[in-house]
1. For ARG53, all conditions in the list (1) farther than 27 Å from ASP226 by Cβ; (2) open to solvent by less than 70 Å² (accessible area, probe 1.4 Å); (3) without any contact (Cβ under 8 Å) to a residue 60 or more places away in the chain hold save one; what is the number of the exception?
2. So, ARG76, is that one at pLDDT below 95 and either on the phi > 0 side of the Ramachandran plot or out of contact with any His (no Cβ under 9 Å at 6 or more places or on another chain) (or both) or not?
3. Condition test on ASN92, is it farther than 10 Å from ILE66 by Cα, in a loop (DSSP other than H, G, I, E, B), open to solvent by 40 Å² or more (accessible area, probe 1.4 Å) and at pLDDT below 95?
4. Can you tell me how many residues within region 200-223 are open to solvent by less than 60 Å² (accessible area, probe 1.4 Å), closer than 14 Å to ALA178 by Cβ and either at pLDDT below 95 or not acidic (Asp, Glu) (or both)?
5. Among the residues in region 34-43, are any crowded, with 17+ Cβ neighbours inside 10 Å and at pLDDT below 95?
6. Just the residues that are of a type in the set (Asp, Glu) and either assigned to a loop (DSSP other than H, G, I, E, B) or modelled with pLDDT under 95 (or both), please, taken from region 109-138.
7. If you go through region 172-189 one residue at a time, how many are open to solvent by 80 Å² or more (accessible area, probe 1.4 Å) and modelled with pLDDT of 95 or more?
8. When only residues in region 135-166 that are open to solvent by 10 Å² or more (accessible area, probe 1.4 Å) and of a type in the set (A, V, I, L, M) count, which is farthest from GLU78 (Cα to Cα)?
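The values are calculated or read from the model by the stated rules, or taken from the named source; none is laboratory data. The model shown is predicted, which means the values in this text are computed figures rather than measured ones. No Cβ is skipped: glycine too gets one built from the backbone with ideal geometry, and neighbour counts run over all protein chains shown. Accessible surface is based on the protein model in full, side chains and every heavy atom, while ligands, DNA and RNA are left aside. Shrake-Rupley method; radii C 1.70, N 1.55, O 1.52, S 1.80 Å.
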Amino acid sequence: IFDKISNAKGIVFISEFSKKIVEKFYRKKILNSTIIHNKVPTSLFKNYGDTARSKLNIPKDKIVLITAAKWRRHKRLEETIKFLKILNEKKNIYKLIVLGENTNHEKNDDVYFVGKVNLDDLPYWYRAADIYVHLCWIEACGNTQIEALACGLPVLCCNNGGIGETIIRSRGGIVSLADKEYNFEKVDLYNPPEPDYKILKSDLEKIFKNYQFYVKNIDYKYLDIDMAAEEYISFINKIR
């Protein structure tokens, strides 16, 4: 990565977090750079259309959470399932849909392990849920939370990494201060800490208490891949 940076005329980072962590270990200030967050084709990811909710036979009185990833340890699937159990301790009203590979976990009546889903079918699954939960630890940016936002779902994510930048910019949910602040030190990425579930629970309840506010305020234009294309063209014209 450092060799590529040394020979580049300009650098595009997918988040402010990504730029900070590269500069930390590169030990040099990167001058000709810009931040362009990931985007998605909003012609595909839409907030209306068919959903998988009836296919899963989920009762109407249940609150459905969804999460998605190519699951590796720092994505914190185990912690997400534990969070679900905590939410259901007093009143069993939450269900969780899990999309993505490597989801071999013990059977749980409140969790639907869907497995790998084709790109074109993702909106069908996202729209089955009420909120997208993304507890990944130290992720540069990601796509799944943007896909979910484009499908009309508010997002709850954690505060380390670049995921929260897209949530704040699109006004689409809450960046939970459930993790100890990451100070750009070396870490064992695949041995993540547990988040503060009490803080997560409070933030999730806040989203549902103000649910229509979060849904109506999502900035769909900012999520559109056409906007990213314009940003790339603008930066290339600036540095060439």
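1. So the condition that ARG53 fails would be (3).
2. Values: at pLDDT below 95: no; either on the phi > 0 side of the Ramachandran plot or out of contact with any His (no Cβ under 9 Å at 6 or more places or on another chain) (or both): yes.
No, not satisfied.
3. Values: farther than 10 Å from ILE66 by Cα: yes; in a loop (DSSP other than H, G, I, E, B): yes; open to solvent by 40 Å² or more (accessible area, probe 1.4 Å): yes; at pLDDT below 95: yes.
Criteria met by ASN92.
4. The first filter runs over region 200-223 and keeps only residues open to solvent by less than 60 Å² (accessible area, probe 1.4 Å), leaving 200, 203-204, 207-208, 211, 214-215, 217-219, 222-223.
From what is left, the residues that are closer than 14 Å to ALA178 by Cβ are 200, 203-204, 207.
So of that shortlist, the ones also either at pLDDT below 95 or not acidic (Asp, Glu) (or both) come out as 200, 204, 207.
Residues in region 200-223 being open to solvent by less than 60 Å² (accessible area, probe 1.4 Å), closer than 14 Å to ALA178 by Cβ and either at pLDDT below 95 or not acidic (Asp, Glu) (or both): 3 in total.
5. No, that holds for no residue.
6. Our first condition is that a residue be of a type in the set (Asp, Glu); within region 109-138, this holds for 109-110, 120-121, 130.
Within region 109-138, ASP109, ASP110, ASP130 meet the criteria.
7. Residues in region 172-189 being open to solvent by 80 Å² or more (accessible area, probe 1.4 Å) and modelled with pLDDT of 95 or more: 3 in total.
8. Ranking the qualifying residues of region 135-166, first place goes to ALA140.
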